[in-house]
1. State the extension gain, in nm to one decimal, for the chain segment bounded by THR253 and MET217, taking 0.36 nm per residue of separation less the distance between their alpha-carbons.
2. Compute the signed sum of charges (Lys and Arg +1, Asp and Glu -1) over the other residues within less than 13 Å, Cβ to Cβ, of GLY103.
3. Semi-axes of the chain's equivalent ellipsoid from the Cα gyration tensor, sqrt of 5 times each eigenvalue, largest first, rounded to whole Å?
4. Could you please tell me the mean projected area of the C-alpha convex hull for the stretch 220-345, averaged over all directions and given in square nanometres to one decimal?
5. Report the residues of the stretch 244-278 in range of a label on ASP206: point 7 Å along Cα→C-beta, backbone N strictly under 19 Å from it.
6. Please report, largest first and rounded to whole Å, the three semi-axes of the ellipsoid equivalent to the stretch 235-290, where each semi-axis is the square root of five times an eigenvalue of the C-alpha gyration tensor.
7. Positive end of the charge dipole of the chain (Lys, Arg +1 and Asp, Glu -1 on Cβ, about the Cα centre): tell me which of SER306, LEU64, HIS125 has its Cα farthest that way.
8. What does the charge count near TRP352 come to, summing +1 for each Lys or Arg and -1 for each Asp or Glu among other residues with Cβ under 11 Å from its Cβ?
Amino acid sequence: MTLELASAGESHGPALVAIVSGLPAGLVLDREAIDADLRRRQQGYGRSPRQQIETDTVEVLAGLRHGRTLGTPLALVVRNRDHANWTWGMSPWPPEGEPDGKGTKPVTLPRPGHADLAGAQKFGHEDVRDALERASARHTAVHVAAGAVAKALLREIGIEVSGTALDLDEAAIDAARADRDTLGGRVEVRSTGVCPGLGSYARKEDRLDARLAAAVMGIQAVKGVEIGDGFALASLRGSQAHDEIDADRRRRTNHAGGIEAGVSNGEEIVVRAAMKPLPTLMRPLDSVDLATGERAQALVERSDVSALEACAVVAEAAVGWELARAAREKFGGDAVGDFVGAWRAYCERIAWTAR
Ligand SMILES: Cc1cc2nc3c(=O)[nH]c(=O)nc-3n(C[C@H](O)[C@H](O)[C@H](O)COP(=O)(O)O)c2cc1C
């Protein structure tokens, strides 16, 4: 038994969709809690005016009745309100009538740092928009909705997941905006109440640290991930780096960030990620015009200066999703009571209670 997520949707297409399968039946979902996470993803200092156009809310098309999951695939939709300005340019079918609104002219000026050039080359697109629309982080909205569902499941077994932006410097954001430049930064996700034993060392793809790293590295613009003290551990001695075990089987420190040998060890799980500066610059970098082969300046399109706070929300959803998947694998169950019952019995066997 595992959780699976399939998603689709372009940045300015009609909607973003996700199908979540593997949820137990009887899980109570709170529409307001999902929408609150969607709002958090839209906020943060340094965002573009697009966030004022979109007021993301979740629609559920299947798998839920009267607020409780049915144990069948859950279908989630987040509409792109901005699509109203792109109905010709992003029409799924050959557009009718005269070109109107945005996206009517092909994009041929790839941005360094974005999917534009490699995506166009890989898929044979002549209009770079055919690559950038899906590569854009817009579709993280529906992943945040799925993450909110995962967090509801985790709450049943006492796990809370929380993401925050580190290095948030609003003056630096103002200065970058004035210089028509962009910023990145670091985000941190902390998960409390995780029992020992999620993940496994049996196969490398089962390792919880590897899975969390892949989930967070899968977020647009994330270029580095560490678990616990991560890179800093490299310059310590073993005696300084490892977390000594007390008679009650708890740790005195948590340099490992809650995971050893790919398995959660009962301490807080700490994941940090480095986000690179956003690639769309209002003062564009050098590029090539793919239509003429001449040197040119990269595409300038409405864009965030910093999306660090949004990235923290997306990373929280990614970590929540991966922990929920690992918990489903360990505790199974068709009904939420079976899942919680298996977790309780296991915690009793190892005499573990959350701190
Ligand atoms: C929440 C979020 C918002 C983003 N907003 C923008 C943006 O407004 N402009 C931009 O150029 N990149 C933005 N990005 C980053 C790009 O999507 C990303 O750099 C691009 O898809 C290339 O992928 P890569 O950076 O992983 O190589 C955002 C990323 C995240 C996580």
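1. Extra length available between THR253 and MET217 comes to 10.3 nm.
2. -3
3. 38, 26, 17
4. 13.6
5. The answer is 259-266, whose backbone nitrogens lie closer than 19 Å to the label point.
6. 44, 13, 10
7. Of SER306, LEU64, HIS125, it is LEU64.
8. Net local charge, TRP352 excluded: +3.
Each value in this text was obtained by applying a stated rule to the coordinates, not by laboratory testing. Just so it is clear, the model here is predicted, and its values are computed rather than measured. In this analysis, Cβ positions are derived from the backbone assuming ideal geometry, glycine residues included, and neighbour counts consider all displayed protein chains.
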